Amino acid sequence: MSGPTVSFVSLGCPKNLVDSEKMLGMLAESGCAIVGDGGTADVVVVNTCGFLSASRDEAIGILRDAADQKKAGEIKRLVVAGCLVQRDGQGLIAEVPEIDALVGVNNRADIVRAVVGEKPKGRIGKASKQKSPTSSDKGGDGRTIFLGEYHPSSWAKDNKSDRSRLRLTPTHYAYLRMSEGCNQKCTFCTIPSIRGPMHCKTVPEIMAEARELIEDGAVEINLIGQDTTSYGQDIGYEPGLAGLLGELNKLDGAHWIRLMYAYPSDFTDEMIDAIAANHRIAKYIDIPLQHISDQVLKAMHRRVTHKQTEQLLEKLRRKIPGVAIRTTFIAGFPGETEDDFVDLCDFVRDFGFDAMGVFPYSSEPGTPAHRMKNPLPPSEIEARVGALMAIQQEVAFARAAAMKGRTMEVLIDDFGRGGTYPARHQGQAPDVDSMVYVESGDFDPGEFVQVRVTGHSDYDLKARPVSMGLPILH
């Protein structure tokens with residue numbers, strides 16, 4: 001007997017996307033039929049993000065829309081999964097009573113039972129830290145709740161493998177999660193309380209997953225985790241990230257292997273050398289710095305100073321020729337003075353990041369920063385975000401103008417429209433960075449093409465093929 005039809009909504013970051021893809025794979029293997037956007041479904045599953053208040057608001061809005069569908073008889077069941085479930089628990093049901101099941105991040109393997117409405121087995125109540133989390137059924141009203149705390153043995157058994165996913169990304173690129181959770185304890189961050197301490201996949205597991213992704217058509221693999229530079233610390237893998245990059249570099253079929261979410265205080269010379277020396281490792285680093293003022297960095301518990309940050313960035317550019325560096329900052333952290341903000345603006349202007357994002361500070365309950373004094377008014381925070389992005393816009397436009405005439409390799413990302421193909425060069429990650437628009441030619445997504453930059457439009461580059469219609473073969 002076939003299972004119900006399922007419509008799936010995935011919210012949040014690439015790490016959450018991997019969870020969505022894994023849950024979709026489990027649902028498909030169980031006999032559920034997955035329908036696309038706008039399709040008629042028996043069950044709607046929403047995999048939520050709970051990192052920031054804005055993410056929570058977005059999720060609640062989508063859940064209320066799904067609840068309206070249920071009340072209208074358009075769907076039979078509403079299942080909610082992910083970070084917001086782990087963070088808010090049954091409080092979500094109070095806001096959206098139409099929810100039928102909750103699945104926490106540590107109970108991902110229970111998604112099939114949640115979708116089909118099977119009652120959980122085991123003792124009632126939230127699991128303790130001393131025991132493996134068990135599913136629980138609370139309320140006696142027909143709802144199923146699968147919510148447990150992180151425990152190493154259960155996570156390794158049920159969650160550690162991200163293989164057999166039903167991918168939501170285009171065929172030619174994929175995300176590979178190296179680890180889950182974080183040990184850094186930044187004062188503004190909710191991740192440790194939601195995802196737990198850092199727990200890494202082994203090298204053999206990562207390699208097996210990478211091979212599966214390559215066999216599925218991926219020529220670009222983006223390495224993700226809450227803190228990729230700390231890879232291996234919890235499993236006793238002494239070579240660390242540098243050793244893992246060396247192993248991944250041996251894989252045939254992966255043309256770009258990109259490092260995301262690097263933590264600055266743990267970036268070693270060995271890691272830098274590995275990025276520089278291994279030809280499959282993209283010369284690109286996503287390194288969220290969050291601030292540059294020593295006073296603010298200390299309040300954030302970032303374990304790095306202004307001087308150390310500058311030394312690291314200088315070393316990255318010196319030892320990895322042509323490296324593209326992307327970062328993010330938080331504007332308006334409690335106690336951020338005018339002088340602190342001026343230091344940050346000067347730093348952004350002087351260093352000239354290849355790409356940059358800015359988050360307005362969000363005071364999240366349960367974090368140490370939430371209890372800090374001297375909060376800034378929302379209007380001032382938004383003004384500082386705008387000022388920083390205006391500075392970065394000048395930097396980015398100047399860098400784009402300087403690219404004219406340069407020859408580079410790009411990866412075609414989508415089919416062309418009007419003879420123009422969206423693409424990316426090695427220094428551009430999917431979804432978050434600018435694009436290269438290749439004008440003329442005949443290409444398919446996933447092809448590598450040699451192009452020459454002819455100009456730019458704001459952040460994006462314009463280019464034409466060096467050899468018309470002839471992709472570079474790898």
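Sorting D68, D343, D19 from the fewest to the most surrounding beta carbons within 10 angstrom yields D68, D343, D19. Over 27 Å apart: what share of the alpha carbon pairs of segment 209-333 falls there, rounded to a whole percent? So the portion of pairs separated by more than 27 Å is 21 percent. For each pair in K15/K201; K319/K404; K185/K373, compute the distance between the two Cα atoms and list the pairs where it is over 23 Å. From K15/K201; K319/K404; K185/K373, over 23 Å: K319/K404.
The E247 and D68 beta-carbon pair, evaluated with R₀ = 51 Å, returns a calculated FRET efficiency of approximately 0.55. Couplings for segment 186-199, taken from phi via the Karplus curve 6.51 cos²θ - 1.76 cosθ + 1.60 with θ = phi - 60°, read 4, 6, 9, 9, 8, 4, x, 6, 8, 9, x, x, 5, 9 Hz in order; Gly and Pro are left as x.
Shape descriptor for segment 365-474: Rg over Rh equals 1.20 (Cα atoms; Rh from the Kirkwood inverse mean 1/r).
At a threshold of 8 angstrom on Cα-Cα distance, excluding pairs fewer than six apart, so keeping six or more, what relative contact order does the chain reach in percent? Contact order relative to length: 9 percent.
All alpha carbon pair distances within segment 157-400 were sorted into 10 Å bins beginning at 0; the resulting P(r) in whole percents reads 7, 29, 34, 23, 7, 0.
Full extension of the chain between A208 and F415 yields a length gain of 71.5 nm, computed as 0.36 nm times the residue separation minus the alpha carbon distance. A Förster distance of 35 Å, applied to the separation of the beta-carbon atoms of E310 and S164, puts the FRET efficiency at 0.20.
Give me the one-decimal Kirkwood hydrodynamic radius in Å for segment 407-465, with the sum taken over alpha-carbon pairs.
11.0 Å
If you count the DSSP beta bridges with both ends in the chain, what percent of them are antiparallel, to the nearest 5?
On the way: 23 of 67 bridges.
Around 35 percent antiparallel, to the nearest 5.
Out of every Cα-Cα pair that segment 336-383 contains, those further apart than 13 angstrom amount to 68 percent. Summary value for segment 407-465: 36 percent relative contact order, contacts being C-alpha pairs under 8 angstrom separated by 6+ residues. Here's how it looks for L176: its modeled amide H is under 5 Å from those of N222, L223, I224, which are all 5 or more places away or on a different chain.
Take the Cα of A28, step 7 Å toward its Cβ, do the same at E238, and the gap between the two points is 4.2 nm.
Bear in mind that the values in this text are calculations on the coordinates, not laboratory data. None of the values given here were measured: they were computed from a predicted structure. Neighbour counts run over all protein chains shown; Cβ positions are idealised from the backbone, glycine included.
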